[in-house]
């Protein structure tokens, strides 16, 4: 997916951070925090993708084994899920860009044949619900949460449907995963909204709900995500873990004792431990 304007790549983990345009404070993205939780359906999909590639391409495997050997064949098989994900991600980017241009009243971009099937589906959803666009692709900041500097994220849209103000996200993945409740719940609780282009800060309006619009070739529907305590509590736990790991990283980077660097010893819980190479 494309990088939001206020987002930066974390050099330590390659995850996504957001830098506040006024304070300069860097905080993790909502998706980076949620990424600490293992996504079992995704793991199962990766295993299945590799298995299908092996079973459906026996001649290709035999050719690879003969030409490049075991290790290179294994490497290429292991990369199958990444290739599929990259292709799906490119289509998702096209769909998001088309919808953003539509909401902003800009010229609609040309899209691939693959993306057009998704767009045809979402057009029917748009025709049925006639959303009134309030905001598009805005970054929100939480401020302090549970003693941590907090988090940030970017929502796809704020719309009014039937008089209700809804925060939402376009989803083009094969399935809707349960983590979407954490994602939208965390975004909905942020009090500050920032324009990534101008840096202008404004209060987040009081929303009435959150929806995930699931778009697939041939169908598009929305599912309202309850802004309940359980997903929010889970997200706060992951956020605490992220910041704890961050502090551990600092300790590892800065906590090396001078004597240890010289092959001496360090004290740990009242004991003197030799330092070995």
Looking at residue 152, is it touching a strand residue (DSSP E or B) at 6+ places or on another chain (Cβ under 9 Å) and modelled with pLDDT of 90 or more? yes
What's the number of the condition residue 160 fails, among (1) surrounded by 22 or more Cβ atoms within 10 Å (Cβ to Cβ); (2) in contact with a strand residue (DSSP E or B) (Cβ under 8 Å, 6 or more places away or on another chain)? (1)
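Is it the case that some residue within segment 14-29 is on the phi > 0 side of the Ramachandran plot and at pLDDT 65 or above? Reasoning before the result, please.
Pass one, segment 14-29, residues on the phi > 0 side of the Ramachandran plot: 14, 24.
If we keep only those that are at pLDDT 65 or above too, we end up with 24.
The answer is yes; a qualifying residue exists.
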Can you name every residue in segment 136-152 that is touching a residue at least 12 places away in the same chain (Cβ under 8 Å) and on the phi < 0 side of the Ramachandran plot? 136, 138, 139, 140, 141, 142, 145, 148, 149, 151, 152
Here is a check on your reading of the model: is residue 188 without any contact (Cβ under 8 Å) to a residue 40 or more places away in the chain and at negative phi? yes
Any residue in segment 6-32 that's over 18 Å from residue 193 (Cα atoms): show its pairings with residues that are part of a helix (DSSP H, G or I) and modelled with pLDDT under 90 at Cβ separation under 7 Å, as long as the two are six or more apart or on different chains. 12/249
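Quick grid of which residues meet (1) assigned to a strand (DSSP E or B); (2) modelled with pLDDT under 95:
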site	(1), (2)
77	no, yes
89	no, yes
108	no, yes
114	no, yes
126	no, no
137	yes, yes
159	yes, no
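The values are calculated or read from the model by the stated rules, or taken from the named source; none is laboratory data. Since we're looking at a predicted model, the values are computed, not measured. With ideal geometry, Cβ positions are generated from the backbone for all residues, glycine too; neighbour counts draw on all protein chains shown.
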